[in-house]
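**Q** The structure under discussion is supplied below as structure tokens; questions concerning it will follow.
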Amino acid sequence: MIGVDFDNTIVRYDDLFGRVALDLGLVPPGAATSKTAVRDHLRAAGAEDRWTELQGVIYGPRMGDAALFPGVAEFFAACRAAGTPVAIVSHRTRFPYLGERHDLHAAARDFLARHGFHNDTGIALPADRVFLEETKAGKLSRIGALGCTTFIDDLPELLGDPAFPAGVRPILFDPEGIHTPPPGITTVASWAEVGRVLAEVRP
Ligand SMILES: [Mg+2]
């Protein structure tokens, strides 16, 4: 079983944080649009709560404006063709901590369905292979319980967590090249590269 994270690994948000922050009047026009720039701007303005609310909007009603990373669908289809089972394991609360009560689990499932993950003729990922865990601890124990041989995630702190299950190969997905590769963790910059690293599922 290959395990794959969801946000920022399958789903690419790009400048969506900047665009929505602008729409909501949280940042001035012309401000930097990256997720980190928006977060830093709101934190510096003492508006940590606005940052939390913004995440609830993006991971909820605005998910339709996010995209798949290039090569994700091809990777999942190649796994299916190779007979290699895949599961999606995400740390995502059902509702935002603050702000309007959007169902963030429903938004994630809708995103996958709209992008054809469950279509019989394509990826054909069973809906019960999508695990949305309320806590990081829940995510880590799910990765172990599923018997994953490999787990792909964009957060080095998740892959390097002391509770990350032993015997699971960690792969860091770092398309922007922003992390220094931690020891023992393979870093990749694209989904094509994931396929090359996992030779059995080369798309
Ligand atoms: Mg992630």
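The values are calculated or read from the model by the stated rules, or taken from the named source; none is laboratory data. Here the structure is a predicted model, which is why all the values come from computation and not from measurement. Here the Cβ is made from the backbone with ideal geometry for all residues, glycine too, and neighbour counts use every protein chain on show.
**Q** Take the residues of the stretch 1-55 that are of a type in the set (Phe, Trp, Tyr) and within 16 Å of the ligand (Cβ to nearest atom): which is modelled with the highest pLDDT?
**A** PHE6
**Q** Continuing with this model, one more query. Within the stretch 33-74, count every residue that is under 25 Å from ALA192 (Cβ atoms) and in contact (Cβ under 8 Å) with a residue 40 or more places away in the chain. Even if it seems obvious, please write down each step before you answer.
**A** Initial filter on the stretch 33-74 (under 25 Å from ALA192 (Cβ atoms)): 34-35, 63, 65-74.
From what is left, the residues that are in contact (Cβ under 8 Å) with a residue 40 or more places away in the chain are 63, 65-74.
Qualifying residue count for the region: 11.
**Q** Right, next: Could you count how many residues in the stretch 142-189 are surrounded by fewer than 16 Cβ atoms within 10 Å (Cβ to Cβ) and touching a Phe, Trp or Tyr at 6+ places or on another chain (Cβ under 9 Å)? Write out each step before concluding.
**A** Narrowing the stretch 142-189 to residues surrounded by fewer than 16 Cβ atoms within 10 Å (Cβ to Cβ): 145, 147, 149, 157, 160-163, 166-167, 176-184, 189.
Next cut, touching a Phe, Trp or Tyr at 6+ places or on another chain (Cβ under 9 Å) only: 189.
Looking only at that region, the number is 1.
**Q** Going by the conditions given, is ASP7 buried (at least 16 other Cβ atoms within 10 Å of the Cβ) and closer than 26 Å to LEU125 by Cβ?
**A** Answer is yes for this residue.
**Q** Let me ask you something else. I need every pair where a residue in the stretch 120-148 that is in contact (Cβ under 8 Å) with a residue 12 or more places away in the chain and over 10 Å from ALA87 (Cβ atoms) has its Cβ under 6 Å from the Cβ of a residue that is exposed (fewer than 14 other Cβ atoms within 10 Å of the Cβ) and small (Gly, Ala, Ser), sequence separation at least 6 or different chains.
**A** LEU140/ALA163
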